[in-house]
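Following: one structure in structure tokens, then a few remarks.
The values are calculated or read from the model by the stated rules, or taken from the named source; none is laboratory data. Everything numeric in this text was worked out from a predicted model, so none of it was measured. Cβ: placed from backbone, ideal geometry, glycine included. Neighbour counts: every protein chain shown.
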Amino acid sequence: MEITALKGIGEKTAELFYKLHIITAEDLVHYYPRDYEYFAAPVSLEDADTEMPVAIAGYVRGNIATRHVRGLSITSFDVSCTDGGILHMTYFNMPYLKNSVKRDVEYIFRGSLQVKGHRYVMEQAKMYKLEEYGKMVDHMLPRYPATKGLSNNTIIKAVKQAVEAADLTEDYLPEEIRNNNGFYPLEKAVRQMHFPDDRESLIKARERLVFDEFLIFILMIRRMRDTNQEIANQYPMIEVAETTRLLEALPYRLTNAQLKVWKEIQNDLTSDHTMNRLIQGDVGSGKTILAFLALIMCVANGYQGAMMAPTEVLAAQHYETLMQMQKQYHLPIRPVLLTGSTSAKERKVIYAQIESGEANIILGTHALIQDKVIYHKLALVITDEQHRFGVRQRESLAQKGNTVHVLVMSATPIPRTLAIILYGDLHISVLDELPANRLPIKNCVVNTSYRETAYHFIEKEVSGGRQVYIICPMVEEGETDELENVVSYTAKLKGILNPSIQIASLHGKMKAAEKNRIMEAFASHRIDVLVSTTVIEVGINVPNATVMMVENAERFGLAQLHQLRGRVGRGNAQSYCIFMSKSQKPETMARLKILNESNDGFYIASQDLKLRGPGDLFGIRQSGALCFTLGDIYQDANILQNASEWADRILSQDAALEGEQYASLKKYLEHVSINEVDFRTI
């Protein structure tokens, strides 16, 4: 059923839903909330939690003052709380409050509470009248990922209709699995995920749906592995002098870990069977040079090699590096770059060069797997930051050749036990050693009282010719009010930092061309400070960037914070990472301080497994690792292990899923194979 069939959704509203990739009512059914607002009864200042949003009752006292700082209006006033305490309120770019707030009316102020010096402070708190807030107490309001012009309320109304209209009575999960695990039926799980009765119901609904995601993914991976195992090598190679000469000529020596993995790659390419290997290495461990060596070995054997990157900027950086190496070391390579931005005229020439074999290394993005790209003798396919590509996309590129060698690279530190489950169709190589010439990043975990000091430090670094990343968890105001958002933060920063500093913003809701334009501008130092969401986690290499500041660090997982930290420390200058936390709880600060103890992503990932519990539903998605819709491989490691065991049991009993008990599961697997969905991207 098309989304326009739902009441209240006309063509204009439908266009906004299309931006979120919601085309049908079925899409809406599986468009789950990002988090939930729980409206608890008002509390006293003394009992208020500084971690989650709290509601506090009180009256406005004294004057409501508005001042202007570099184009930013700041409105502030004090509130006399009903328990006798004083709460200081601050609002940015809301001067109209001076006329709309009444002093003789009791309000409920809801937001994140901070302690600054000896006073309690709230910024950008929502204000409610008593009766209005009373109706919401004890309710859990779903909050959905939105886009400009589409309110959360509009999405809620549409989801309610879609869920009512959906037929969820046929449950594809076999009864044995449901009963054994105490899972909700599918219909109840979906309804409770959208509109939970309480927190316990939400946890149970999420557990069922996360299990489903993992089980379907693992079944598809296991079946692919069975298809791919021990395929005869159709492109046999020999070791070549070109790679040996390059290794001798490089201005640095490979680490022992790199040499070990390079030997494994050579053994694969010269063996009787097709290579199917994952290189898993921390940020800066030197995966890219190994990929280049594999491409050179492939070319020297008379074949073509292709390397697919997650962004145009990174693909272009790889191309430029290879071109420089070709000139400097006289390599027998003829690289071409093919991306979505390649003009029609250039594309036509490049297609011809690829088909004739004149181009022997092809670098690019998803453009490499388009039907019009015909390869001459493709023998090796490399995917960089492979968790950004779907299983189907990886297969599509591999199928451009005849059972080609596949090399996959990932900087996401995943403990080996989980990696074996998730990358079940690949042999795993681990780079667990960093080059000796890298300066360790200096880290600090601080609360928001440090923010002014941080801004001064950023100005100092920029004046020294360096660049800065600032990460916010949200895109725009209204998504989750107590968290920093890119749009408002960028505007605020322009009013605070020196006017000569070039500031820009980047987030996932931008069009691809705009994102690429901004990343290129930052890479070429036309931007000094980039305020971004985690979209910069992969896909950009800027050695001149020396500062990473993460707002609301308490809401991210350690593994993702480590990934973000990997955007700095890529050059010769000392780099710094500032983790800014709104929470001052000892356990929160202790968890974040693990990042001070180590720059080892695998150690940090293992700590993440220990510290994040399955009931912790309200953090920002912590792993860019595998982009499941709901599941998180660190937080939900136990569910992942359970799904893996059930997948093995199912396939050992009935590999083809021919039995009656698996009929619905087989039907669902075929359905998701046709409709590429987010949770199968890795």
Any chance the stretch 478-490 includes a residue that's closer than 16 Å to Val462 by Cβ and out of contact with any helix residue (DSSP H, G or I) (no Cβ under 7 Å at 6 or more places or on another chain)? yes
Within the stretch 617-631, identify whether any single residue is buried (at least 17 other Cβ atoms within 10 Å of the Cβ) and modelled with pLDDT of 85 or more, and answer yes or no. yes
Taking the stretch 153-182 and keeping only residues that are surrounded by fewer than 18 Cβ atoms within 10 Å (Cβ to Cβ) and within 30 Å of Val487 (Cα to Cα), one is left with Asn153, Thr154, Ile156, Lys157, Lys160
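Looking only at residues in the stretch 331-372 that are β-branched (Val, Ile, Thr) and part of a strand (DSSP E or B), which one is farthest from Met307 (Cα to Cα)? Spell out how you get there, then give the answer.
In the first step, residues of the stretch 331-372 are kept if they are β-branched (Val, Ile, Thr); the result is 333, 336, 339, 342, 349-350, 354, 361-362, 365, 369.
Remaining after also requiring part of a strand (DSSP E or B): 336, 361-362.
On the way: Val336: 11, Ile361: 8, Ile362: 6 Å.
Among them, the one singled out is Val336.
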State yes or no: is Thr546 touching a strand residue (DSSP E or B) at 6+ places or on another chain (Cβ under 7 Å) and modelled with pLDDT under 90? no
Residue count, the stretch 490-533, condition part of a helix (DSSP H, G or I), under 23 Å from the mean Cα position of the chain (by Cα) and not aliphatic (A, V, I, L, M), comes to 7
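Can we say Ile64 is closer than 29 Å to Ala189 by Cα and crowded, with 16+ Cβ neighbours inside 10 Å?
Details: closer than 29 Å to Ala189 by Cα: no; crowded, with 16+ Cβ neighbours inside 10 Å: yes.
So Ile64 does not fit the description; no.
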Residue under question is Thr4, and the condition is that it be hydroxyl-bearing (Ser, Thr, Tyr) and touching a residue at least 24 places away in the same chain (Cβ under 8 Å); does it hold? no
Tell me which residues, restricted to the stretch 255-275, are without any contact (Cβ under 8 Å) to a residue 40 or more places away in the chain and not in a helix (DSSP H, G or I). Ser271
How about the stretch 373-489: which helices (runs of 4 or more DSSP H) wholly inside it have at least 3 residues that are more than 22 Å from the chain's Cα centre (by Cα) and at pLDDT 90 or above? 451-463
Test each condition in (1) within 30 Å of Lys160 (Cβ to Cβ); (2) polar (S, T, N, Q); (3) in a loop (DSSP other than H, G, I, E, B) for Thr13 and report the one that comes out false. (3)
Note on the stretch 541-558: residues over 14 Å from the mean Cα position of the chain (by Cα) and not in a strand (DSSP E or B) are Asn541, Val542, Pro543, Asn544, Glu551, Asn552, Ala553, Glu554
Tally of residues being under 16 Å from Glu433 (Cβ atoms) and crowded, with 19+ Cβ neighbours inside 10 Å across the stretch 590-601: 2
Out of the stretch 107-130, which residues are closer than 13 Å to Pro42 by Cβ and surrounded by fewer than 13 Cβ atoms within 10 Å (Cβ to Cβ)? Lys129, Leu130
State all residues of the stretch 141-171 that are part of a loop (DSSP other than H, G, I, E, B), within 29 Å of the chain's Cα centre (by Cα) and more than 13 Å from Tyr32 (Cα to Cα); if no residue qualifies, say none. Lys148, Gly149, Ser151
So which of Pro196, Pro185 ends up being surrounded by 14 or more Cβ atoms within 10 Å (Cβ to Cβ) and under 27 Å from the mean Cα position of the chain (by Cα)? Pro196
